[in-house]
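Working notes, structure below.
The values are calculated or read from the model by the stated rules, or taken from the named source; none is laboratory data. As the structure is a computational prediction, the values presented were derived from the model and not from experiment. Using ideal geometry, Cβ is built from the backbone for each residue, glycine included, and neighbour counts are taken over all protein chains shown. Note: areas computed on protein heavy atoms with side chains; ligands, DNA, RNA excluded. Shrake-Rupley method; radii C 1.70, N 1.55, O 1.52, S 1.80 Å.
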Amino acid sequence: MSEKLRYERPVIQKLNTGLMNKFGTNLDYSPIIEIEGIEVKKLIEEYGSPLFVLSENKIRKKYQHAVRTFSSRYPKVQFAWSYKTNYLNAICSVFHQEGSWAEVVSGFEYEKALANNVPGNKIIFNGPDKSNDDLKNAVIHNSMIHIDHLDELYCLIKLAKEINARPRVAIRVNMDTGVYPMWDRFGLNYENGQAWDALNKIQASGVLDLKGLHCHIGTFMLTPNAYGMAASKLADLAFRVQQKFGISLEYIDMGGGLPSSNNLKGAYLPGIDIIPSIDEFAEAIATGLINSPIRPEDLPTLIMESGRALVDEAGYLLGTVISNKRLSSGKRATIMDFGVNILFTSFWYNHKINPAQPTTDYLEDMEIFGPLCMNIDVIRESISLPPMKKGDQVVVQNVGAYNVTQWMQFITLRPNVVLIDSNAKAHIIRKKESTDYINSMELVPDHLKSFKL
Ligand SMILES: *Cc1c(COP(=O)(O)O)cnc(C)c1O
């Protein structure tokens, strides 16, 4: 007689997607036929390939969710759109319509924000490179100037006296948050006293109006706790300012750096499985501020300068297969009509790439190249996809952040960018470049204007 089977308690186990599990490997290649109600084929027919597409609806939803997440944990919250993440005017305007201020890091971006009708006092001017003219412009428009280094501080003091104005300032603070390498090349250090020294110099000058403290501790940060530490260090500084100078700072600006759900190169698991939710970052920051020695009625406004986390997932790049070939190893190579010239973020991310038409279930490991005559033009070193033929189209996802600001004009022209509004209507928000446009910037000296061949 066989022994009775022993009872085994059932267990619930999280499946690690991307790795082999009892359902096989998770392969995410299902075709994307339409985006926000418009067929991919139609978009390419009308606006060309390659083509950047952004979803207005997705931006608004993500933004509103982020604001809710922070506002439910902290009494006073203000977002400021990080222009360098995506400074197409239409995109900035969506954020401004939602109530976001502007955060800029150069004179060029500052001009853009003014031209987008952002009131000067709702522009935050960051970065290490502000010329004397930039500073003067920002002072005249009453913007918040975040001082990056002592040279800038001295420059501002001199300027304030010259034009008899009282610049509104904060300092950028860098600090040890337990994440290395430390981002200590921007701003003034907390631990070694540089930051405290600068605050004292500001007060001693008597000509600057100290309004807040700023930090931006890194980018694509995966540890909410680092933000918690940064928040309590800034709150500590704010408290010391209050104790010594009797000033309640108006705001603490925690910068950006929150991750999107993109897949970082080298990461074992897809981003969606490893990145902490925005709630966890909000919780860490709010707790760091609220648990500080600052009295509840004196708590400063929390400013967030989130960029990629708010726009990455709203962006798509549509492209077309140019050809297929076999590498000498036998591996399949697929060449697309977009490369690292317009998809700069493929240096950091394993972008999700989906076919834009129905496919077979047969998969092949392949390498995806761009069209540039450059060996580094690799979009994905290795990806399992159904083989595609010349003329087939693909949709690359999560490309809304940094690509349309970091793209380069190398051997080809930059493509159209389209925004799909909430009524499934597409609008060109940046026209594709023409050879005339590029040539209009060039000058040929007279003695080079003719030649015989
Ligand atoms: C780049 C930058 C941001 C936005 O960073 P994300 O990683 O896109 O969120 C915010 N603040 C400052 C000062 C920046 O330089």
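Laid out as a table, the results:
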read-out: Residues of the stretch 335-345 that turn out to be in a loop (DSSP other than H, G, I, E, B), open to solvent by 10 Å² or more (accessible area, probe 1.4 Å) and among the β-branched types (V, I, T), as a count; value: 0
read-out: Unique match (being among the β-branched types (V, I, T) and either open to solvent by 30 Å² or more (accessible area, probe 1.4 Å) or modelled with pLDDT under 95 (or both)) among I429, I368; value: I429
read-out: Top-ranked residue in the stretch 346-390 [being more than 27 Å from the chain's Cα centre (by Cα) and not in a loop (DSSP other than H, G, I, E, B); ranked as nearest to I335 (Cα to Cα)]; value: M366
read-out: The stretch 236-279: number of residues that are touching a Gly at 6+ places or on another chain (Cβ under 8 Å) and of a type in the set (D, E, K, R); value: 3
read-out: Sole exception among (1) more than 16 Å from the ligand (Cβ to nearest atom); (2) not assigned by TED's automatic domain parsing to the domain that holds P386 for I342, by number; value: (2)
read-out: Residue that is farthest from the ligand (Cβ to nearest atom), among those in the stretch 391-415 that are open to solvent by less than 10 Å² (accessible area, probe 1.4 Å) and assigned to a strand (DSSP E or B); value: V394
read-out: Top-ranked residue of the stretch 41-78 - restricted to ones that are of a type in the set (A, V, I, L, M) and either open to solvent by 10 Å² or more (accessible area, probe 1.4 Å) or not in a strand (DSSP E or B) (or both), ranked as farthest from Y316 (Cα to Cα); value: V77
read-out: Test: Y63 is closer than 24 Å to G400 by Cβ, touching a Lys or Arg at 6+ places or on another chain (Cβ under 7 Å) and modelled with pLDDT of 95 or more; value: no
read-out: When residues of the stretch 233-257 are limited to those that are closer than 17 Å to T287 by Cα and assigned to a loop (DSSP other than H, G, I, E, B), the one farthest from the ligand (Cβ to nearest atom); value: M254
read-out: Flag for D209 being in the same structural domain as V118 (by TED's automatic domain parsing), touching a Lys or Arg at 6+ places or on another chain (Cβ under 7 Å) and charged (D, E, K, R); value: yes
read-out: The stretch 288-302, subset open to solvent by 20 Å² or more (accessible area, probe 1.4 Å) and within 14 Å of V77 (Cβ to Cβ), residue farthest from the chain's Cα centre (by Cα); value: I290
read-out: Only listed residue being assigned by TED's automatic domain parsing to the domain that holds C92 and closer than 23 Å to N86 by Cα, chosen from E250, E283, E297, E305; value: E305
read-out: Looking only at the stretch 260-287, and only at residues there that are modelled with pLDDT of 95 or more and touching a Phe, Trp or Tyr at 6+ places or on another chain (Cβ under 7 Å), the one that is most open to solvent (accessible area, probe 1.4 Å); value: A284
read-out: Neighbours by Cβ (under 7 Å, 6+ apart or cross-chain): first from the stretch 137-158, in the same structural domain as K122 (by TED's automatic domain parsing); second among the β-branched types (V, I, T) and at pLDDT below 95; value: none
read-out: Residue list for the stretch 195-232, filter: away from the ligand (no atom under 16 Å from the Cβ), closer than 24 Å to E280 by Cβ and open to solvent by 40 Å² or more (accessible area, probe 1.4 Å); value: N225, M229, S232
